[in-house]
Amino acid sequence: MRLRPLKITAALALCAAVLAVAGPARAGVNPQLAGLQVALRAHGLYLGQIDGIMGPQTRAALKSFQHRKGLRADGIVGKRTRAKLGPLGHPLFGSRTLVPGRFGWDVSVLQFLLTRRGLYDGALDGYLGPETAKALRRYQRNQQLAADGVAGPRTLASLGIKGKVPLPARTAPVRRYVVRSGDNLTMLARRFGTSVHALASANKLDPAKPLLIGTRLGLPGATAATSSTSVREILTATARRYGVDERLVRALAWMESGYQTSIVSSAGAVGVMQTLPVTRDYVEQTLAGRRIPRTVAGDVEVGVLYLRSLLQHFAGNESLALAAWYQGEKAAREHGVYKVSKPFVANVLALKTRV
């Protein structure tokens with residue numbers, strides 16, 4: 001949500017601390033893997049830190065994705081896996097020149113690298129929009145390169161990342177647990193930060209049958225992505241429930257937050273849809289007539305209800321509705337799309353077919 005009543009706000013910047021990107025000295029960082037994490041997050045399977053590390057959460061999300069797509073769930077980032085990831089699964093960083101408007105794995109890596117250098121504090125969303133281009137120009141000036149906002153051969157070389165497939169390290173040792181009296185899969189999944197499905201699959205168990213005391217269980221890596229309903233699914237379901245184009249809702253949410261659930265902008269906008277408190281109040285008091293839970297699903301509902309209202313007010317014109325979302329409804333009605341709003345509107349509409 002980019003607006004205050006009748007005023008444009010600078011809500012593009014997100015708190016860098018909330019992004020929790022690993023520092024340069026952290027061991028095991030492979031920036032190419034940041035591209036994988038962003039792609040998995042777009043599919044609703046990874047909600048952890050974008051840190052460029054093949055940790056338990058990333059590996060579990062990758063295997064879950066491979067299983068869903070009918071691939072061998074080997075945790076290897078091969079060509080078939082990246083193809084199934086869609087537009088965010090390719091190309092690898094370093095394999096093409098990055099110009100404004102590019103979308104893909106390599107842009108996610110670029111944003112990750114710029115964030116680690118303290119030059120970018122926007123969403124890691126794989127889209128080279130105005131904020132990413134601005135950060136890139138800042139980096140180029142620091143490196144005494146032509147500050148054109150285009151990551152060509154010299155800029156890519158200065159960043160020092162090669163475009164090879166980032167094969168993960170060997171699988172981490174499997175943790176073990178011996179079943180005790182009173183244990184069940186639901187309780188153990190909650191205790192060890194995984195899911196009943198993952199726990200049962202890893203041990204070839206029938207979730208409907210009781211556990212035998214003394215059974216040795218392998219504990220799969222914990223992952224927030226094993227929740228029963230992913231962010232992407234919540235966005236899609238909520239959009240359908242209120243009759244709003246699900247592609248538009250997903251694109252807007254991706255542009256605002258990159259599907260991150262707990263970020264807070266410098267203007268105080270929160271959650272996946274980045275709605276301001278004043279917007280929530282308006283939706284609850286005027287549009288919904290009830291309190292809406294302060295959960296991920298509730299935050300999405302607030303955003304979708306407000307977007308639906310704007311679409312209705314502008315007779316289904318998505319460009320004007322998005323402009324109103326960004327600059328304020330009255331301003332959009334009286335003056336149309338402000339120049340400063342045009343990149344935001346164009347970016348969201350461009351993302352409709354990509355997320």
Practice task
Neighbouring Cβ atoms within 10 Å as the yardstick, rank Phe93, Phe65, Phe103 fewest first.
Solution key: Phe103, Phe65, Phe93
Handout entry: Amide H partners (placed H, <5 Å) of Leu217, local residues excluded
Key = Tyr177, Val178, Val179
Completion exercise
From the Cα centre of the range 296-355 to that of the range 82-133, the distance in Å is 24 Å
Exercise for the section: Sort Val150, Val264, Val345, Val109 so the one with the fewest other Cβ atoms within 10 Å of its own Cβ comes first. Expected result: Val264, Val150, Val345, Val109
Problem - Pairs beyond 31 Å (Cα-Cα), from Lys84/Lys204; Lys63/Lys342; Lys79/Lys352; Lys63/Lys209; Lys69/Lys209; Lys204/Lys352 - result: Lys63/Lys342; Lys204/Lys352
Problem - Relative contact order [Cα under 8 Å, 6+ residues apart], the range 207-317, whole percent - result: 20 percent
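Read-outs throughout are calculated quantities, based only on the coordinates presented, and are distinct from any laboratory measurement. Treat the numbers as computed from the prediction; the structure is a model and nothing was measured. Using ideal geometry, Cβ is built from the backbone for each residue, glycine included, and neighbour counts are taken over all protein chains shown.
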